[in-house]
Amino acid sequence: MKKSKGEAAKGTKKYFLKTRYGAYHERRAPREGQAPGARLPKEDVELTHVGPGTPCGEYLRRFWQPVALSKDVQDRPKAVKILDEELVVFRDRSGQVGCLELHCSHRGSSLEFGVPQERGIRCCYHGWLFDADGTILDTPTEAADSRLKEKLFHPAYPTHEHNGLIFVYMGPPEKKPAFPIFDTYDVPGYHVVPGIPHLMPCNWLQLKENTADPIHIPILHQRISGHHFSGYRFDDSQMPEFDWVETPLGMISGLVGRRKDVVWVRWSEWIMPNIHQFHITESDGDCVIGAYCPPRATRWHVPVDNTNTIIFDYQRLLDKELARAEAVLKSMGQRGDRPYEEQQRLPGDYEAQVSQRPIAIHALEHLGASDRGVIMFRRLLRQQIRVVRQGKEPRGVNAMNGRAVATYLRNTSFVIPAKSDPWEDRQLWRQTARKVAEEAILDSESRWKKAITKSPYKGTKAEFSG
């Protein structure tokens with residue numbers, strides 16, 4: 001029987017619909033990994049599932065993950081869910097921070113209702129007392145000579161508190177790495193402060209891939225939503241060039257373009273496994289000629305479970321921004337708190353990323369040349385997940401060497417007159433951007449920080465984009 005136009009042969013890995021009004025054929029087309037009778041193909045489990053024992057989950061557990069703001073963990077415990085595990089973070093009266101399995105080892109009551117003691121946290125139900133390392137210090141309902149508490153530990157994870165954020169390490173205890181201090185944690189002239197955490201109701205991967213997709217900036221953040229960020233106002237007839245470069249920590253994603261005689265270069269950064277850094281936006285690039293614009297944010301996308309993600313970050317603010325810090329830290333289009341009609345008329349990152357389904361289905365995608373960064377991102381991620389499965393050390397996990405870890409994002413500009421031939425001029429842009437990237441990778445001493453501009457907003461009221 002001859003197949004109708006638009007139908008795929010059995011076993012086809014990528015289906016291309018080739019007829020108008022072809023949704024019927026699209027729905028019936030078999031795809032790799034799709035179970036018989038299933039409405040949709042299955043998600044890429046290796047990259048998206050994060051629970052204990054899953055390949056990606058075990059990879060993510062090899063790195064320190066932020067779980068709470070320091071200010072939210074004072075005299076009361078805080079229940080959190082991270083990597084599909086229910087935990088409680090607490091601060092005892094001595095100031096020690098602990099992270100324990102949420103439910104009491106005795107009868108399962110939640111320790112979010114526990115009472116911090118001088119040392120450890122006491123369960124509200126029968127008074128068992130747990131130290132930050134899981135040691136059971138007291139079982140008051142047992143006989144005085146009971147040895148029960150000596151035979152048992154409560155599940156606990158190591159914690160580290162840094163500049164207003166509490167981090168947890170959830171991997172093998174014997175492989176715990178040093179806590180990494182990146183060179184962008186100290187930027188001359190800027191206040192580095194914790195951002196405002198927020199929940200995104202989708203898988204972590206489709207959020208983090210955003211950093212490998214620089215071309216979305218002139219489309220989503222300019223053409224579609226009408227310049228809802230002030231920087232990088234591209235001429236629609238002259239779209240920027242884009243590029244990607246692998247680094248010792250992950251990869252950088254580049255945009256390069258021209259405004260009159262100024263060629264600007266923007267390299268944002270993915271630090272494996274789930275950190276990215278991006279810049280303050282600026283107008284025309286003319287305010288960073290011979291200088292560097294500092295990173296606006298260092299951002300973690302931390303999986304809550306397979307279909308929810310919490311965002312933590314450090315933001316960098318100038319003195320003049322402190323008075324409106326909350327507005328700057330929230331930014332436009334980054335959260336789902338706007339009226340639905342406004343979301344439709346001016347969609348932002350939240351709408352574009354969350355609407356890809358709770359877990360984006362890669363088998364339904366049709367990637368093009370502009371998606372090379374996303375392809376590279378997934379390849380690198382998969383490679384490192386498999387490195388961990390093989391019992392080896394993942395890239396960047398032991399980056400600390402007694403000094404700040406050098407990072408590779410760069411945002412700068414050059415005065416370079418345009419070539420008469422448009423194609424040659426675009427080649428010049430790309431060569432300029434590659435030179436910046438190559439110099440960044442060689443800059444292990446973070447020399448770029450000596451040329452940080454303290455005037456990144458020349459003539460604008462810029463917020464930022466991710």
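Computed from the coordinates by the stated procedures, all read-outs in this text should not be read as laboratory data. None of these values were measured; they are calculated from a predicted model. Virtual Cβ from ideal backbone geometry, glycine too; neighbours counted across all protein chains shown.
Other residues within the sphere of radius under 13 Å centred on the Cβ of Cys56, judged by their own Cβ, net out at +1 (K and R +1, D and E -1). Among residues other than Gln96 with Cβ under 12 Å from its Cβ, the summed charge is -2 (Lys and Arg +1, Asp and Glu -1).
Free of any chymotrypsin sites (Phe, Trp or Tyr not before Pro) that DSSP assigns to a loop and that have at most 16 other C-beta atoms within 10 Å, the longest stretch within the chain is 126-466. Taking amide H as placed 1.01 Å from N in the peptide plane, the amide H of Arg259 sits under 5 Å from that of Trp264, each at least 5 places away or on another chain. Of all aspartates and glutamates in the structure, the ones whose alpha carbon falls short of 17 Å from that of Lys450, not counting any fewer than 8 places away in one chain, are Asp183, Asp186, Glu439. Taking the chain as the reference, fit the longest principal axis to its C-alpha atoms, fit the long axis of helix 422-442 to the helix C-alpha atoms, and give the angle between the two in degrees, 0 to 90, nearest 10. Value to nearest ten degrees: 30.
Legend: distances between Cα atoms for Lys42/Lys175; Lys78/Lys176; Lys320/Lys449; pairs beyond 26 Å are Lys42/Lys175.
In summary, the stretch 342-402 shows an alpha-carbon radius of gyration equal to 1.60 times the 2.2 N^0.38 Å reference for compact globular proteins. The C-alpha atoms of the chain define a longest principal axis, and helix 372-389 lies at about 30 degrees to it. Sorted from greatest to least, the principal axis extents spanned by the alpha carbons of the stretch 65-168 come out as 43, 29, 20 Å.
Seen from a random direction on average, the alpha-carbon convex hull of the stretch 365-436 projects onto 8.4 square nanometres. When both the stretch 131-178 and the stretch 190-206 are represented by their alpha-carbon centers, they are found 27 Å apart. Where (1) 70, 69, 39; (2) 89, 70, 46; (3) 59, 47, 45 are the candidate values, the label of the one calculated here for Cα extents along the principal axes in Å is (2).
Per residue, the average separation of C-alpha pairs within less than 8 Å and at least 6 apart gives the chain a relative contact order of 19 percent. Put the Cα centre of the stretch 394-458 next to the Cα centre of the stretch 44-91 and the gap is 33 Å.
Projecting the Cα atoms of Leu47, Leu428, Thr211 onto the charge dipole of the chain, computed from C-beta unit charges around the Cα centre, puts Leu428 farthest toward the positive end.
Placing +1 on each Lys and Arg Cβ and -1 on each Asp and Glu Cβ, with no other charges, gives the chain a dipole about its Cα centre of roughly 1460 debye. Considering amide H positions built from the backbone, and no H for Pro or chain starts, which residues 5 or more places from Val405, or on another chain, come under 5 Å of its amide H? For Val405, whose amide H was placed from the backbone, the distant partners under 5 Å are Ile181, Phe182, Asp183.
Using just its DSSP H runs of length 4 or more, each adding -39500 (n - 2.57), the chain gives a mean residue ellipticity at 222 nm of -5000 deg cm²/dmol after division by all residues. Taking GluC sites (Glu not before Pro) as exposed when their DSSP state is a loop state and no more than 16 other Cβ atoms lie within 10 Å, the longest site-free interval of the chain runs over 143-364. For Lys151, a cut-off of 13 angstrom between C-alpha atoms picks up these aspartates and glutamates, skipping any fewer than 8 places away in its own chain: Asp138.
Straight-line cross-link reach from Lys419 at under 15 Å between alpha-carbon atoms covers these aspartates and glutamates, not counting any fewer than eight positions away in the same chain: Asp261.
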